[in-house]
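Report on the structure given below.
The values are calculated or read from the model by the stated rules, or taken from the named source; none is laboratory data. Note that this is a predicted model, so its numbers are computed, not measured. Cβ placement follows ideal geometry from the backbone for every residue including glycine, while neighbour counts extend to all protein chains displayed.
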């Protein structure tokens, strides 16, 4: 078994690896990675980022967005979303955006991963999973960025807020809402004045 084959034994199909991840299994990582790329076992996504594609009868399966972000951030402490998620709230948003948003604690800015553009936003707080309450708060936080008529969407969003679980929405507004969002929701949810002006 060659050294490149030995490296290959440690890698899992579907996963994304940074060059630094591979150094633990190779004493000549660049040469061995180059050999595995030529063999088609590894796919180079961008400088220093590699994917072990899963093979199906239809061809290779590209890496998931989650796998790309996990490798880039070296962990799972992030929330991956998109403005497309607002469309499920029933507030009049219908646009489809080619925009991936990553809330995290480490990075801020736009990064290309595997040929895809990701917008990283460093935040102190974000939930572990998407909920309709968080999405409504996030929509209000980003109302100036949507393509639809903002006044129409705002009116429908506030109407929708009145039908949501007030406790869950109040918690989402208090924890994740901007100052403006808290002000918008305070009359509906009786958010305490101190929370309305907290960052």
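Condition (residue is farther than 26 Å from residue 37 by Cβ, modelled with pLDDT under 95 and outside the structural domain of residue 22 (by TED's automatic domain parsing)) applied to region 67-76: is it met by at least one residue? Spell out the reasoning first.
First, the residues of region 67-76 that are farther than 26 Å from residue 37 by Cβ: 76.
If we keep only those that are modelled with pLDDT under 95 as well, we get 76.
When the remaining residues are screened for being outside the structural domain of residue 22 (by TED's automatic domain parsing), the result is 76.
Within region 67-76, one or more residues are farther than 26 Å from residue 37 by Cβ, modelled with pLDDT under 95 and outside the structural domain of residue 22 (by TED's automatic domain parsing).
Looking only at region 12-56, which residues are out of contact with any strand residue (DSSP E or B) (no Cβ under 7 Å at 6 or more places or on another chain) and part of a loop (DSSP other than H, G, I, E, B)?
12, 15, 26, 27, 28, 40, 41, 47, 52
With the requirement that a residue be under 21 Å from residue 15 (Cα atoms) and either in the same structural domain as residue 53 (by TED's automatic domain parsing) or assigned to a strand (DSSP E or B) (or both), what does region 104-118 give you?
Once the filter is applied, which keeps residues that are under 21 Å from residue 15 (Cα atoms) and either in the same structural domain as residue 53 (by TED's automatic domain parsing) or assigned to a strand (DSSP E or B) (or both), region 104-118 yields 104, 111, 112, 113, 116, 117, 118.
Please determine whether any residue of region 135-145 is at pLDDT 95 or above, touching a strand residue (DSSP E or B) at 6+ places or on another chain (Cβ under 7 Å) and not assigned by TED's automatic domain parsing to the domain that holds residue 50.
Looking for residues that are at pLDDT 95 or above, touching a strand residue (DSSP E or B) at 6+ places or on another chain (Cβ under 7 Å) and not assigned by TED's automatic domain parsing to the domain that holds residue 50, one finds none in region 135-145, hence no.
Looking at region 174-192, I want the residues that are farther than 20 Å from residue 125 by Cα and have a partner that is at pLDDT below 95 and outside any helix (DSSP H, G or I) with Cβ atoms under 8 Å, at least 6 apart or on another chain. Which pairs are those?
Note: pairs meeting the criteria are 188/162.
Listed here are the residues, each with its yes/no results for (1) surrounded by fewer than 17 Cβ atoms within 10 Å (Cβ to Cβ); (2) without any contact (Cβ under 8 Å) to a residue 40 or more places away in the chain; (3) over 12 Å from the mean Cα position of the chain (by Cα).
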residue	(1), (2), (3)
77	yes, yes, no
83	no, no, no
92	no, no, yes
100	no, yes, no
120	no, yes, no
129	yes, no, no
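Based on this model, can you work out whether residue 154 counts as at pLDDT 95 or above, assigned to a helix (DSSP H, G or I), under 22 Å from the mean Cα position of the chain (by Cα) and buried (at least 16 other Cβ atoms within 10 Å of the Cβ)?
Working: at pLDDT 95 or above: yes; assigned to a helix (DSSP H, G or I): yes; under 22 Å from the mean Cα position of the chain (by Cα): no; buried (at least 16 other Cβ atoms within 10 Å of the Cβ): yes.
Spelling it out, it is not the case that residue 154 is at pLDDT 95 or above, assigned to a helix (DSSP H, G or I), under 22 Å from the mean Cα position of the chain (by Cα) and buried (at least 16 other Cβ atoms within 10 Å of the Cβ).
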